[in-house]
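The values are calculated or read from the model by the stated rules, or taken from the named source; none is laboratory data. Here the structure is a predicted model, which means the values were calculated and not measured. Ideal geometry is used to build each Cβ from the backbone, glycine not excepted, and the neighbour counts take in all protein chains shown. These accessible areas exclude ligands, DNA and RNA; they are computed on the full protein's heavy atoms, side chains included. Shrake-Rupley method; radii C 1.70, N 1.55, O 1.52, S 1.80 Å.
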Amino acid sequence: MIPWEKIDTAQIPGSDGELRLMRRGKEFSIKLGSNELMNSRLSGSEVALATLAAKQIENVLKPVVLIGGLGMGFTLRAALAVLGSDAKVVVAELVSAVVAWARGPMAQVFGDSLDDPRVSIRETDVGEIIRAQRSVFDAILLDVDNGPEGLTRKGNDALYDVSGLTAAKTALRPGGVLAVWSSGPNPAFTKRLGRAGFDVNEVNVRATGRGGGARHVIWIARKR
């Protein structure tokens, strides 16, 4: 068995938490404490986040999509694969080291996705982008934590409370979609989405995308 090797660490802004980038052969893992936040072998639910959201806006001309959280780029690459050449994809990543990892040790995982002309990377809090915009995005995809209960950073909770959801609704164009990834169910969050003015569909998906692995949840919430 090849042992895990620590490649780098990164402090999470606004938190005492530290991310660790680990490698074992060709496999990568990003961890926070004892929690594995993502693994290069497990991409099914992150791919589903992009494909399910893109399906909702497939008839939109020149769609503008905001992705919260770069991670290992699964959601970004899946979105690029299904969106047309006229799409615009903005990726917000708070931890600048994650962007550096994407261009450095994990460059093979990311391929040429970061250089796609449709993509712009913003090293900032996705919440700041959301709150600054009105009727700009056709879809907002959030995968910035383990779900609506902040794990990596307490400040992420503000994305998922009623005020944060209202801001997301304001940033979306009419009929726009908010898609949220979570490691597990959260009935209270489902109710908050409804109170914030979204029509909600909760989808259960597998981590591997092939019927195996942990069960994750994706909310597809359409602006009324």
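Sparsely packed loop sites in the stretch 43-101 (the GluC sites (Glu not before Pro) outside DSSP H, G, I, E and B with at most 14 other Cβ atoms within 10 Å) comprise Glu58.
Rg of the Cα atoms in the chain, relative to 2.2 N^0.38 Å, amounts to 0.95. First obtain the Kirkwood hydrodynamic radius of the stretch 62-109 from its Cα pairs, then insert it into the Stokes-Einstein equation at 4 °C and 1.567 mPa s, and state the resulting D in µm² per second as a whole number. Taking Rh from Cα pairs, D becomes 114 µm²/s. Once both labels are positioned 7 Å from their Cα atoms along Cα-to-Cβ, the gap between Val82 and Ser163 label points is 3.3 nm. Considered as an equivalent ellipsoid built on the Cα gyration tensor, the stretch 1-93 has semi-axes of 30, 16, 10 Å, the largest given first. Seen against the Cα atoms of the chain and their longest principal axis, helix 44-56 is set at about 20 degrees. Set against the 2.2 N^0.38 Å expectation for a compact globular protein, the stretch 88-210 has a Cα radius of gyration ratio of 1.11.
Surface composition of the chain: carbon and sulfur make up 48 percent of the accessible area, probe 1.4 Å.
Can you give the FRET efficiency for Arg195 and Lys55, using 1/(1 + (r/R0)^6), R0 = 30 Å, r = Cβ-Cβ distance, to the nearest 0.05? So the FRET efficiency works out to roughly 0.75. Take Lys31: with every protein chain present and a 1.4 Å probe, its accessible area is about 50 Å². Placing dummy labels 7 Å off each Cα toward the beta-carbon, the span from Gln108 to Ala132 is 3.7 nm. A cut-off of 5 Å between modelled amide H atoms, ignoring neighbours fewer than 5 places along the same chain, links Leu142 with Gly68, Ala179, Val180, Trp181. Among the listed pairs Lys6/Lys55; Lys55/Lys191; Lys31/Lys88, those with a Cα-Cα distance over 32 Å are Lys6/Lys55. May I ask for the percentage of alpha-carbon pairs in the stretch 47-149 that lie more than 20 Å from each other? In whole percent, the share of Cα-Cα pairs in the stretch 47-149 beyond 20 Å is 34. Beta-bridge orientation, the stretch 27-167: approximately 30 percent antiparallel, per DSSP, counting only bridges with both partners inside. Note that the chain presents 46 Å² accessible area per residue, ligands and nucleic acids not counted, probe 1.4 Å. Overall, the stretch 99-201 carries a charge dipole of about 400 debye about its Cα centre when +1 sits on the Cβ of Lys and Arg and -1 on the Cβ of Asp and Glu, all other atoms neutral. Neighbours of Leu76 by Cβ distance under 15 Å: Lys/Arg scored +1, Asp/Glu scored -1, total -2.
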